[in-house]
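No value in this document is a laboratory result; all are computed from the given coordinates. Remember, predicted model here, so these are calculated numbers, not experimental data. With ideal geometry, Cβ positions are generated from the backbone for all residues, glycine too; neighbour counts draw on all protein chains shown.
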Amino acid sequence: MSLILISKIVITQQPTNAYPDRSEVYTLTTVNSCEIESSWMNLTSTAHLVFPKNIYVKSSTDKRAWKLQSMYITPPADDGTIAAGTSGNKIADAIDAANNAVSNALTTAVSGVNSAINKVVNTLTNTNTAATQTPIFLRGDKITISLGYAYQPPASSSNPFTSVADQVRTMIDNGVVNSDGYVPVLNPEFEGYITKINPRMPLEIWCEDNMWLLKQAQCPNMTFPADEKGAQGVLSSLLKSIITPKDPDDPNYTYITETIVKALKNFKIQNGFGTSTIPTNIGDFTTQNQTIAQVLDSWRNDYKLECFFRGNDLYLSPIVYNPTDFTINGQLSSFVYDFQNNIISDDLTYLRSDDLRVGIHAYSVYPTKTGDQNITQSVRAEVTIGDTDGELRTQYFWPPSNAIQLTQQQVEAQLTTQAMLYLNKLKYDGWQGSFISFGLPFVRHGQAVTLKDAVIPERNGGTYLVKSVKVNFSVDGGFRREIGLHFKLNTDSDSLQSYQNGL
């Protein structure tokens with residue numbers, strides 16, 4: 001059975017002040033290379049695309065084919081520069097051709113001269129019109145990327161397709177899988193917005209996920225009072241109250257009102273994948289000349305509230321691993337990788353728990369009542385456990401919901417318990433690092449993988465949570481997925497449940 005690489009990249013135009021009617025949807029089924037990085041640790045998932053020189057895209061409505069060289073308002077010249085007030089080399093070429101026509105016409109008749117001049121005028125007019133047409137791709141356009149393989153079932157005399165490329169293209173364009181041809185297996189690898197376009201050949205596009213919109217969303221300068229909704233309540237208010245331009249002539253007016261504001265209304269804030277009871281009260285919070293993304297980044301640094309997108313779900317929580325991602329009916333479920341089968345290369349190190357010298361400096365900030373019991377103040381609790389002579393990691397833990405009713409000794413006792421659970425996840429017999437495999441299976445961060453070794457049985461087994469995924473897809477290098485490992489999972493239900501509790 002043969003496999004070939006397939007891709008489907010869909011770009012949806014977004015309106016701007018200069019081009020308010022941009023709404024076409026374009027699909028590209030060919031790409032030179034694609035690199036995607038995603039992790040709950042990075043706030044933003046990114047993608048980088050490189051397209052071949054001679055490629056066409058099709059609109060979902062008018063079905064016209066646009067050549068890649070015509071995707072700019074002013075296409076680049078051969079040296080990559082753009083001639084001021086022109087559309088690259090087209091006008092110069094047109095003038096040269098017309099001049100030759102004029103010279104030839106002068107040797108025959110005056111009528112030929114007039115005809116040649118008309119050709120010059122028409123050529124210049126048409127070229128300049130094309131140069132000012134609505135650009136196909138712009139920074140801020142929405143993009144989705146699906147990658148995968150196409151495979152061919154056993155040969156059949158009824159297969160009417162003689163070309164693999166024709167068959168795959170037909171299936172992708174029409175959305176039809178023919179049982180006698182190649183069957184595409186496409187997975188949604190990325191969803192976001194174009195953030196940068198390199199107007200050269202080959203065309204390069206850089207993208208970020210929905211976090212890019214929050215980088216454009218300016219917060220009002222105001223104070224949000226502490227309440228039982230915590231950080232999620234503050235974020236919900238920010239999504240509804242971003243600063244929008246009042247002047248329709250503002251260059252950002254259309255994009256902010258038509259794209260950003262509408263998108264923010266569809267975002268769903270999640271705390272621990274809808275299962276957490278961890279309080280995230282950050283007290284009175286003031287924004288000052290910040291974007292929403294800057295606010296989220298400050299919460300990551302100050303309160304260890306991790307933030308990342310999955311589609312339109314914005315996770316804001318101390319919890320980064322969802323048990324439903326790596327369990328089925330409460331039982332551990334993972335993707336299996338074998339060192340002698342589907343692991344291409346690795347940067348893994350096998351360590352034993354005795355080899356690791358790790359300590360935890362745990363701290364928490366919790367509310368307490370003052371002497372008159374009418375004023376609440378914040379108190380910091382700190383404990384240090386583990387190997388203090390080794391690598392000492394500082395880790396914030398959210399206080400229990402009833403912390404205001406506890407003594408400092410009781411809070412510190414619970415903090416010690418939390419830190420010990422966390423330390424046990426850091427010290428284990430097993431692998432640390434990352435490995436590279438094929439594009440399938442489709443693995444995302446937050447899921448689990450099991451490593452097997454048929455040659456060295458002692459290294460067999462071990463299931464790990466995935467903290468990062470890097471996808472490389474190219475004509476030369478094939479389809480590869482680099483998986484970064486985090487904690488090693490135990491199989492008992494209590495250990496699995498602890499991740500749901502934010503540990």
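So, R0 is 25 Å and r is the distance between the beta-carbons of Tyr363 and Gln232; what FRET efficiency does that work out to, to 0.05? E(calc), rounded to 0.05, equals 0.65. List the pairs from Lys196/Lys262; Lys142/Lys304; Lys240/Lys369; Lys229/Lys265; Lys246/Lys304; Lys215/Lys304 whose alpha-carbon separation is above 24 Å, in the order I gave them. Beyond 24 Å between Cα atoms: Lys142/Lys304; Lys240/Lys369; Lys246/Lys304. If a/c stays under 1.5 just call it rounded; otherwise compare a/b with b/c (prolate if a/b is bigger, oblate if not). Do that for the range 236-386, with a ≥ b ≥ c from the square roots of the Cα gyration tensor eigenvalues. Taking the square roots of the gyration eigenvalues as a ≥ b ≥ c, the range 236-386 is oblate.
Placing a pseudo-label 7 Å from each Cα along the Cα-to-Cβ vector at Lys240 and Asp325 gives an inter-label distance of 2.9 nm. A Förster radius of 60 Å, combined with the Cβ-Cβ distance separating Asn342 from Gln395, puts the computed FRET efficiency at roughly 0.95. In terms of packing, defined here as the mean over residues of other Cβ atoms within 10 angstrom, the peptides 359-367, 397-405 line up highest first as 359-367, 397-405.
In the P(r) worked out for the range 282-332, what percent of Cα pairs fall beyond 13 Å? Beyond 13 Å sits 67 percent of the P(r) for the range 282-332.
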